[in-house]
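Pasting in a structure now, in structure tokens, and then I'll have a few things to ask.
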Amino acid sequence: MRLRRIEDADVNGKRVLVRVDFNVPMKDGIVTDATRLMSAMPTITHLKSAGAKIILLAHFGRPKGQRVADASLMPVVAPLADMIAAPVEFAGDCIGPAAEVAVSALKRGRVLLLENTRFHAGEEKNDPAFAAELAKLGDIYVNDAFSAAHRAHGSTAGVAELLPAYAGLAMQRELDHLGQALRDPKRPVIAIVGGAKVSTKIALLENLVTKVDKLFVGGAMANTFLAAQGHDVGKSLFEADFADTARAIMEAARKHGCEMILPVDLVCAREFAPHPDTLTVPVDAIPADMMALDCGPATVDALADTIDACKTLIWNGPLGAFETPPFDTSTVEAAKYAGQRARENNLIAVAGGGDTVAALNQAGASGDFTFISTAGGAFLEWMEGKTLPGVEAVTD
């Protein structure tokens, strides 16, 4: 796979359609977290300096093909203009006369934001007519929204078939780091996968056991694996219907030479509430009237020793019910340790997924990781080994 990079394109004087992810948190018409706006800055800055006419495409919310007032991208204009220290034009539609007039008036080095692509039903249907209307507005297409790359929509896949298509700098950074962690990693590689249900991560686990050297499973997912091994997990959350699946994954790991690692001790409580009475027990001694809600200290120590023996870490999902203290302890301690190793340049540490980002932020370890993906679904599908339409469109 060879990524077509925007640095290789001649954009001087060209109309460049850039797909960005501006689906930002917003309250009362005010952007409350501008992280996704900031991620688009490198590509916008590059195109400005190269003399391009920059036309931004983005979705916001789920208006389902209807024009919904509170799903407008207009509130993004002011914070975006502040970031680039220059005016940002806005068009009240992403296709049709309003968009065409705004694009025709755009000068080199200036930025135009088009209205929410999801105001048109053709966006999510990847309707060829809608994609063609978008393509009329540009000479070159750039996808800089990895987080939307798993969707075959008009603005992520359809238009890319009609114009010369390239990856933006944010997209490149994401794929370069993920490739470094999984496709061409420094070995040994350990994957940490947590969360509540095995059923939501079957494809992820099945792919990882063929790619990594060690796989640690935590969170309530681990209860299903422990139950599949014959342990009594008391009142713990687990999926009895997926015991055979868990055993099949463990057997696949054995066949591929991947060491499967499960907790050796667990923190249990009789109620799932903040700061209840807890009991830490080995995995073969969970009381019948208690539930396992976090990994214990012996598990964290063993995980740290395993991390020490590895050169690359991929992390998705918390190790316990981290939203409710004290069941965030194992996640926080393991994240801090992995972050320290990465900070000392002894570990390439890559993480992704919504709960994962929140957990690492809670641990104060986000800044120490080599790379943290905020892409959510696209990150998971990439880790599952799936082909992402938005990535495929900008690769040879």
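Per 10 Å bin, what percent of the C-alpha pairs of segment 234-350 does each bin hold, from zero upward?
Pairs per bin, as whole percents: 13, 37, 36, 14, 1.
Right, next: Choose one of ALA34, GLY51, PRO97: the residue whose Cα lies farthest towards the positive end of the charge dipole of segment 19-114 (beta-carbon charges +1 Lys, Arg; -1 Asp, Glu; about the Cα centre).
GLY51
Cross-link list LYS311/LYS336; LYS53/LYS125; LYS48/LYS107; LYS255/LYS336; LYS197/LYS255; LYS14/LYS136: which exceed 21 angstrom alpha carbon to alpha carbon? Don't jump to the answer; show the numbers that get you there.
Numbers: LYS311/LYS336 16 Å; LYS53/LYS125 28 Å; LYS48/LYS107 10 Å; LYS255/LYS336 32 Å; LYS197/LYS255 24 Å; LYS14/LYS136 13 Å.
Pairs exceeding 21 Å: LYS53/LYS125; LYS255/LYS336; LYS197/LYS255.
Please give the contour-minus-distance gain from MET83 to ARG270: 0.36 nm per residue of separation, less the Cα-Cα distance, rounded to one decimal in nm. Please list the in-between numbers first.
Working: separation 187, 0.36 × 187 = 67.32 nm, distance 4.99 nm.
Length gained between MET83 and ARG270: 62.3 nm.
Regarding segment 122-179, what whole-number volume in Å³ per residue does the convex hull of its Cα atoms give?
Output value, Cα hull per residue: 71 Å³.
Nearest 500 deg cm²/dmol is fine: what mean residue ellipticity at 222 nm does the chain get from its DSSP H runs of n ≥ 4 alone, each adding -39,500 (n - 2.57), divided by its residue count? Working shown, then result.
Values: 15 runs with 132 residues, N = 396.
Rounded to the nearest 500, it is -9500 deg cm²/dmol.
Could you run the Karplus curve 6.51 cos²θ - 1.76 cosθ + 1.60 with θ = phi - 60° over segment 275-289 and give me ³J(HN,Hα) per residue in whole Hz, x for Gly and Pro?
Here the 3J(HN,Hα) series is 6, x, 5, 10, 9, 9, 9, x, 5, 9, 9, 6, x, 4, 9 Hz.
Roughly how many percent of the accessible protein surface of the chain is carbon and sulfur, given a 1.4 Å probe and a whole-percent answer? Mind dumping the intermediate values first?
Working: 8170 of 16380 Å².
Of the solvent-accessible surface of the chain, carbon and sulfur hold 50 percent.
Please report how far the C-alpha centroid of segment 293-309 lies from that of segment 1-47, rounded to the nearest whole angstrom.
39
Rolling a 1.4 angstrom probe over the protein heavy atoms, how many square angstrom per residue are accessible across the chain? Intermediate results must be reported in sequence, preceding the final value.
Working: 16380 Å² over 396 residues.
About 41 Å² of surface per residue is accessible.
Still on this structure: Determine how large the accessible area of ASP305 is when every protein chain is in place; take a 1.4 Å probe and give Å² rounded to the nearest 10.
Here the accessible area works out near 100 Å².
Is there a quick way to get the dipole size of the chain? I mean about its Cα centre, with the Cβ of Lys and Arg at +1 and of Asp and Glu at -1; what is the value in debye to the nearest 20? Mind showing how you got there, number by number?
Details: 38 positive and 49 negative charges, 271 e Å.
It works out to roughly 1300 debye.
Where a Cα-Cα gap under 28 Å defines reach, which lysines qualify for LYS27, not counting those fewer than 8 residues away within the same chain?
The reachable lysines, counting only those whose Cα sits under 28 Å from LYS27, are LYS64.
The values are calculated or read from the model by the stated rules, or taken from the named source; none is laboratory data. If you're wondering where the values come from, they're calculated on a predicted model, not measured in any experiment. For neighbour counting, all protein chains shown are included, and Cβ atoms are generated from backbone atoms with ideal geometry for every residue, glycine included. Quick note on the areas: whole protein, heavy atoms, side chains included, nothing else; ligands and nucleic acids left out. Shrake-Rupley method; radii C 1.70, N 1.55, O 1.52, S 1.80 Å.
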